[in-house]
Amino acid sequence: MTIKDLLVLFARVITGALFTFSGFVKSVDPMGSAIKFEEYFISFGMEWLSFGALTFAVLLSAVELMLGLMLILGVFKRVTAWASMIFMLFFTVLTIFIYFTSPVEDCGCFGDAVVLSNGATLLKNIIFTLILLPYFLKYRFHKSRRCKRTQGIVALVVGVIALAPSIYAVEYLPLIDFLPYKIGVNIQQAMSIPEGEKEDVYDTKLVYKNLASGKEHSFALTDTTWYDTSKWSYVDTKTELIERGYEPTISNFNIFDIDGNDVTERLLAPQKRVAIIVIDDKIVTKGVAKNIQDIDLWCKANSVEMIVFTKFNIDEMRWIVSNIVDYNFTNIYNGDHTLIKSLIRAPFGLVTLDGGTIKEKFNLQSGSCNISFGDL
């Protein structure tokens with residue numbers, strides 16, 4: 001095997017691995033990718049496309065995963081050569097635009113599994129486009145001698161495999177949870193800074209104006225020059241992050257009642273068992289509402305507090321649910337829309353907590369839930 005052949009093989013395998021990994025981590029969490037699509041649509045003034053965000057997310061991840069697997073398997077080389085190069089060039093141009101305009105903080109190319117800065121994403125795309133070049137140049141006009149029927153069957157099987165994780169995630173929940181709210185995570189611990197870890201270091205400057213010259217000057221807190229109020233007049237205080245310390249994996253877990261009171265600490269208390277019904281869609285079906293009613297009755301019988309957690313108006317949500325199943329829900333709470341989407345990847349979901357530790361997750365659209373808390 002010549003050096004040229006080795007370069008082509010390297011390009012095919014490495015690019016295939018990139019597409020496979022990138023497609024897979026997005027396919028297991030299509031709702032997360034849909035959120036990223038919505039961010040793009042809003043940034044580009046194309047909000048009208050948001051209705052199809054989930055469909056776009058499923059298709060993109062499936063195409064990317066399928067392309068990666070076909071590259072690794074070495075089928076339809078001319079098709080994969082062109083498709084891969086078009087794919088890389090398109091997203092390289094897109095990331096150049098994102099790098100200079102920063103409409104979003106993270107491009108979402110690896111979902112929530114790996115978060116890259118816009119600069120790192122651009123560098124990654126440029127490098128992999130160059131890596132792909134030997135494979136593209138060799139196979140751009142390639143005429144395969146392999147049986148097209150066999151390759152077609154392989155491509156069909158790969159396509160089904162590529163769609164499967166997204167379909168499963170939409171119907172149930174993601175096969176792999178890349179978000180901070182995984183089963184087994186204690187939310188209180190995840191929000192705290194472990195002993196011995198560094199905290200953020202800030203530098204604070206006091207801005208004063210010289211009364212004689214009118215010029216402003218910045219002073220360190222230890223500088224006593226500004227004490228002389230006959231010469232200096234206070235203008236502003238500026239704080240700058242000098243060194244970033246340990247970042248807790250969870251930073252915004254807050255639940256509020258109808259009066260705006262934060263009830264988070266009570267719900268995360270030791271020995272406290274809570275069933276959180278997450279509602280992220282106003283179109284509540286009768287089946288989902290019946291599930292919520294059944295869960296509430298089960299919780300009351302087993303000394304478990306059940307709450308409905310939503311971003312929508314509490315009175316409106318109470319009216320919507322109670323009118324469907326003729327059942328009065330009083331324990332409805334509010335939270336940030338980002339938290340709602342991160343806690344569980346389902347429009348209607350159930351998350352159980354035991355002493356602040358996440359025990360179970362269920363998609364309420366998938367049917368009944370077998371709540372157990374692990375040991376009830």
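A few points about this structure:
- Size of segment 201-243 as Cα extents on the principal axes (Å, biggest first): 36, 17, 11
- As a size descriptor, the averaged projected area of the C-alpha convex hull of segment 148-301 was calculated at 21.3 nm².
- Order of PHE87, PHE219 under a 10 Å beta carbon neighbour criterion, fewest first: PHE219, PHE87
- Above-threshold pairs, the threshold being 32 Å between Cα atoms, out of LYS182/LYS205; LYS198/LYS341; LYS26/LYS148: LYS182/LYS205
- Exposure proxy shown here: for ILE176, ILE187, the number of other Cβ atoms within 10 Å sets the order, fewest to most, as ILE176, ILE187.
- Protection proxy ranking, peptides 128-141, 67-80, average beta carbon neighbours within 10 Å, highest first: 67-80, 128-141
- For the chain, the relative contact order works out to 15 percent when only alpha carbon pairs closer than 8 Å and six or more residues apart are counted.
- Among the listed pairs LYS4/LYS36; LYS36/LYS124; LYS124/LYS359; LYS286/LYS361, a Cα-Cα separation exceeding 31 Å is found for LYS4/LYS36; LYS124/LYS359.
- Other residues within the sphere of radius under 12 Å centred on the Cβ of LEU211, judged by their own Cβ, net out at +1 (K and R +1, D and E -1).
- Take the Cβ atoms of PHE10 and ASP228, set R0 to 56 Å, and the FRET efficiency comes out at 0.20.
- Mean Cβ count within 10 Å, highest first, over the residues of peptides 340-349, 228-237, 279-288: 340-349, 279-288, 228-237
- Segment 173-243-segment 67-125 distance, computed between alpha-carbon centres (Å): 36 Å
- Residue order, fewest to most beta carbons within 10 Å, for MET317, MET46: MET46, MET317
- Remark on VAL278: its backbone amide H falls under 5 Å from those of PHE309, GLY349, LEU350, VAL351, a criterion applied only to residues 5 or more positions apart or on other chains, H modelled at 1.01 Å from N.
- Normalised by the number of residues in segment 201-243, the average gap of Cα pairs under 8 Å and 6 or more apart makes the relative contact order 54 percent.
- Sorted largest first, the spans of the alpha carbon positions of the chain along the three principal axes are 84, 72, 43 Å.
- Whichever lysines have a C-alpha closer than 17 Å to that of LYS209, once near sequence neighbours (fewer than 8 apart) are set aside: LYS231, LYS238
- Semi-axes of the equivalent ellipsoid for segment 3-171, computed as √(5λ) from the eigenvalues of its C-alpha gyration tensor and ordered from largest down, come to 28, 20, 13 Å.
- Rg/Rh ratio calculated on Cα atoms of segment 13-74 (Kirkwood radius): 1.09
Each value in this text was obtained by applying a stated rule to the coordinates, not by laboratory testing. As the structure is a computational prediction, the values presented were derived from the model and not from experiment. Quick reminder, even Gly has a Cβ in these numbers, built from the backbone with ideal geometry, and neighbours come from all protein chains shown.
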